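Let me begin by presenting the structure, written as structure tokens, before commenting on it.
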Amino acid sequence: VAGLVVAIDGPSGSGKSSVSRGVARELGLRYLDTGAMYRAVTWWMLQKGVDVGDPAAIAARAGEPSLTVGTDPGAPAIAVDGVDVSGPIRGPEVTSAVSAVSAVPEVRHRLVAMQREIIARSLETGGIVVEGRDIGTVVAPDAPVKIYLTASAEARARRRSAELAGTTVERQKAELARRDTLDSTRGISPLTKAADAVELDTTPLTLDEVIAEVLRIIKERT
Ligand code: C5P
């Protein structure tokens with residue numbers, strides 16, 4: 001095999017990032033956080049004063065931001081027009097606007113093309129773990145390993161509020177539910193499990209247990 005592609009999809013707070021980074025580190029693969037790319041474009045739109053409630057305004061400027069995407073699982077960094085935005089893209093302004101921006105087809109077409117290029121390049125060095133919402137269905141439908149992570153709403157909200165300062169489990173639950181609805185009902189590439197993905201409910205598992213289970217599935221499928 002020239003290189004391995006592992007697609008990891010699932011809703012916010014299902015543990016995708018920690019699991020994907022852990023698996024990539026364990027196997028010496030690259031790591032791509034596609035959510036960070038949608039967040040970076042959203043950060044740029046907010047910075048430029050683009051009305052994120054207006055899909056046509058977003059579409060008109062979708063080609064402008066220039067992204068530099070790091071794929072080191074130990075230190076994934078992302079920059080827009082040369083500015084490192086790894087911190088600001090996790091802030092509440094970007095988080096509440098990202099679902100609207102990621103629903104715009106012009107944004108998706110451009111980012112999916114970039115994601116496929118990054119995946120193709122990674123194959124020369126062994127492969128990549130790619131996390132997102134549409135990796136197994138749209139970005140890399142031929143990936144030999146596809147995982148769909150889920151967790152109860154309660155567990156996801158608890159994990160998110162442990163990561164973020166100044167929030168509560170209840171507030172996170174509402175925010176996650178809002179994003180889930182937007183992400184799974186949009187017209188283009190909605191969040192959905194690929195027919196050939198292995199579904200893994202992480203609710204009762206520790207991070208290390210989930211990583212071990214994903215490594216087992218990869219071994220079985222490759
Ligand atoms: O994974 P994360 O929560 O950082 O993703 C942020 C947002 O980016 C999601 O809520 C979704 O709207 C969008 N996204 C997407 N497709 C992907 C990854 C993320 O639409 N492959």
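If you take the residues in segment 71-102 that are under 14 Å from the mean Cα position of the chain (by Cα) and in a loop (DSSP other than H, G, I, E, B), which one is surrounded by the fewest Cβ atoms within 10 Å (Cβ to Cβ)?
Across segment 71-102, the extreme among qualifying residues is Ala77.
Out of everything in segment 27-48 that is without any contact (Cβ under 8 Å) to a residue 60 or more places away in the chain and near the ligand (Cβ under 8 Å from one of its atoms), what residue ends up being surrounded by the most Cβ atoms within 10 Å (Cβ to Cβ)?
Going through the qualifying residues, I end up with Arg39.
Take segment 169-203 and flag every residue that is among the acidic types (Asp, Glu), more than 18 Å from Val98 (Cα to Cα) and not in a loop (DSSP other than H, G, I, E, B).
Glu170, Glu199, Asp201
Among the numbered criteria (1) over 19 Å from Thr181 (Cα atoms); (2) at pLDDT below 95, which single criterion is violated by Arg160?
(1)
Which ones in segment 140-168 are loosely packed, with under 14 Cβ neighbours inside 10 Å and part of a helix (DSSP H, G or I)?
The answer is Glu154, Ala162, Glu163.
Within segment 206-217, does at least one residue satisfy the condition of being in a loop (DSSP other than H, G, I, E, B) and either within 20 Å of Gly15 (Cβ to Cβ) or touching a strand residue (DSSP E or B) at 6+ places or on another chain (Cβ under 8 Å) (or both)?
Yes, some residue in segment 206-217 is in a loop (DSSP other than H, G, I, E, B) and either within 20 Å of Gly15 (Cβ to Cβ) or touching a strand residue (DSSP E or B) at 6+ places or on another chain (Cβ under 8 Å) (or both).
So in segment 101-153, with the set limited to residues that are away from the ligand (no atom under 12 Å from the Cβ), touching a Ser or Thr at 6+ places or on another chain (Cβ under 8 Å) and of a type in the set (Ser, Thr, Tyr), which one is nearest to Thr71 (Cα to Cα)?
Step by step, filter segment 101-153, then rank; the result is Ser122.
The values are calculated or read from the model by the stated rules, or taken from the named source; none is laboratory data. Quick caveat: nothing in here was measured; it's all calculated off a predicted structure. FYI the Cβ positions are ideal-geometry reconstructions off the backbone, even for glycines, and counts take in every protein chain you see.
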